[in-house]
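The values are calculated or read from the model by the stated rules, or taken from the named source; none is laboratory data. On a predicted model such as this, the values are computed, not experimentally measured, just so you know. So basically every Cβ, Gly included, is an ideal-geometry build from the backbone, and we count neighbours across all protein chains shown. Remember, those area values only see protein heavy atoms, side chains included, never the ligands or the DNA or RNA. Shrake-Rupley method; radii C 1.70, N 1.55, O 1.52, S 1.80 Å.
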Amino acid sequence: MPIKDYIRERFFPHLWCSGCGHGIVLNALLRAIEALGINKSNIVMVSGIGCSSRISGYVDFHTMHTLHGRALSFATGIKMSRPELTLIVPMGDGDALAIGGNHFIHTARRNIDMTAIIMNNRTYGMTGGQYSPLSGFGTLATTAPYSNIDHDFDVVELAKAAGASFVARSTTYHVQQLTDILKAAIEHKGFSAVEVLSQCPEYFGRKNKMGTPADMLEHYKENTTTIGSKKKQENPNLLERGIFVQKQIPEYCSEYDKIIEKAKKAVEGKTE
Amino acid sequence: MPKLKLKEHRINRDWCKGCGICVQLCPKNVLELDDENKAVAVRPEDCICCKLCELRCPDLAIEVITEDEKKP
């Protein structure tokens, strides 16, 4: 399997629980990168804290495991100094949208060229299944035993509103679509936000009686549909999957280079 | 696309955690979990090489090897 060339086999089997969706995201991401043929020495993966963030330990790229919620800021620093590198920032739902919420919207607004993957399992798995900003109203969590009264974010709408130039959503059931979306997101010049619905059978699944990991995958199949499908018109409760935004707008590093040129010319003009 | 012919299911028993995703989602019911809770291809003759088990395995533990592929 060529994708094995992209992992650190010595750390396998990985520490994620049996049936965890994050392994499927890793699987799809490796296939996307293999299909794109990017040299692994030209990829930097920056992650924060959480189950999802452990992904950076398993891939054989340049990797950084950083502060909770701040992965995008570290990634911004790397991208600004080495814009030729491909930046991938996997984050959990809590990491990206609770403690890292501000970093997320402002990185999206700047349109700096990197790919943020929001691995949405609707819980804080690593710390014991507390509710996250994406758990959703009426769900159960260890910290919401009588049901959660917090409403959740729609990651796609949030990323769109924050100005991300590439916004997409898929699930761990739809692995082929997920691989295609990740390929498009990595290739996109600008900030790409990809939400992946990723099952947590141990906490979210068990608390909310969602059955086996495979049952949770089938739940994604039954409760999502492609963008603008007939099924969506018939049942507005279905969550749409696909690429919502893909537009070319000025990218941050390129624009910064232009500013440097302008400033140099201005200084030269003064000294002459 | 020409029909793929199965050579073998290569299952890494050290990496498999027995989550059962491949077993439950196989369209042809080829796989089962054994006594040690590891995936095994018990009906390989029914396999249509769709590779969904390989793509959906969270543990990167299963590979579907087809006749035309040269894999180590």
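Over segment B:6-66, average the accessible area per residue using a 1.4 Å probe and give it in Å², no decimals.
45 Å²
So which GluC sites (Glu not before Pro) in segment B:11-72 end up in coil per DSSP with only 13 or fewer other C-beta atoms within 10 Å?
Taking segment B:11-72 and a limit of 13 other Cβ atoms within 10 Å, the loop GluC sites (Glu not before Pro) found are B:E36, B:E67, B:E69.
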Could you tell me the relative contact order of chain A? Use alpha-carbon pairs under 8 Å, at least six residues apart, and round to a whole percent. 18 percent
What spacing in nm lies between the two simple spin-label points modelled at A:K247 and A:L67, each 7 Å away from Cα in the Cβ direction? 3.2 nm
Proximal lysines relative to A:K270, as straight alpha-carbon distance under 16 Å, when same-chain residues fewer than 8 apart are discounted: A:K262
Quick one: which residues, 5 or more positions from A:Y124 or on another chain, have an amide H under 5 Å from its amide H? H modelled 1.01 Å from N in the peptide plane, none for Pro or chain starts. A:G129, A:Q130, A:S132
Between A:Q130 and A:E187, the two model label points (7 Å from Cα along the beta-carbon direction) sit apart by a distance in nm of 4.1 nm
Treating the angle as unsigned and between 0 and 90°, give the value, to the nearest 10°, between the Cα long axis of helix A:252-271 and the longest Cα principal axis of chain A. 20 degrees
Using r as the Cβ-Cβ distance of A:T142 and A:A266, and R0 as 35 Å, what FRET efficiency do you calculate, to the nearest 0.05? 0.05
Using only alpha carbon pairs under 8 Å that are at least six residues apart, calculate the relative contact order of segment A:1-128 and give it in whole percent. 24 percent
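List, in the order given, every pair from A:K40/B:K51; A:K40/A:K247; A:K189/A:K258; A:K40/A:K183 whose Cα-Cα distance in the structure shown is over 19 Å. Each step should come with its number before you reach the end.
On the way: A:K40/B:K51 25 Å; A:K40/A:K247 27 Å; A:K189/A:K258 16 Å; A:K40/A:K183 15 Å.
Beyond 19 Å: A:K40/B:K51; A:K40/A:K247.
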Counting all C-alpha pairs of the protein assembly as shown, share separated by more than 25 Å (%): 53 percent
Provide, for q = 0.19 Å⁻¹, the log10 of I(q)/I(0) from a solvent-free Debye sum over equal Cα point scatterers in segment A:98-165. -0.78
Determine the relative contact order of chain B: mean sequence separation of Cα pairs under 8 Å and six or more apart, normalised by residue count, in whole percent. 43 percent
Hey, for a label at A:K258 modelled as a point 7 Å past Cα toward Cβ, could you say which residues of segment A:176-195 have their backbone N under 15 Å away? A:190
When we measure straight from the Cα of A:K231, which lysines land under 21 angstrom away, once same-chain ones fewer than 8 places off are left out? A:K221
So in chain A, what percent of DSSP beta bridges are antiparallel if you round to the nearest 5? 20 percent
Taking the Cα centroid of segment B:2-47 and of segment A:207-250, what is the distance between the two, rounded to the nearest whole Å? 27 Å
Counting only residues 5 or more apart in sequence or on a different chain, those whose built amide H sits under 5 Å from that of A:T226 are A:R241
Each residue of segment A:87-102 in order: what ³J(HN,Hα) in whole Hz does its phi give by Karplus 6.51 cos²θ - 1.76 cosθ + 1.60, θ = phi - 60°, with x for Gly and Pro? 9, 10, 10, x, 9, x, 5, x, 4, 7, 10, 9, 5, x, x, 5
Output wanted: per-residue J couplings in Hz (rounded whole) for segment A:152-158, from phi through Karplus 6.51 cos²θ - 1.76 cosθ + 1.60, θ = phi - 60°, x for Gly and Pro. 9, 7, 9, 4, 5, 5, 4
So if each residue of separation counts as 0.36 nm, and I subtract the Cα-Cα distance between A:N223 and A:M210, what length gain in nm does that give? 3.4 nm
Which distance in Å, rounded to a whole number, links the C-alpha centroids of segment A:80-139 and segment A:30-56? 15 Å
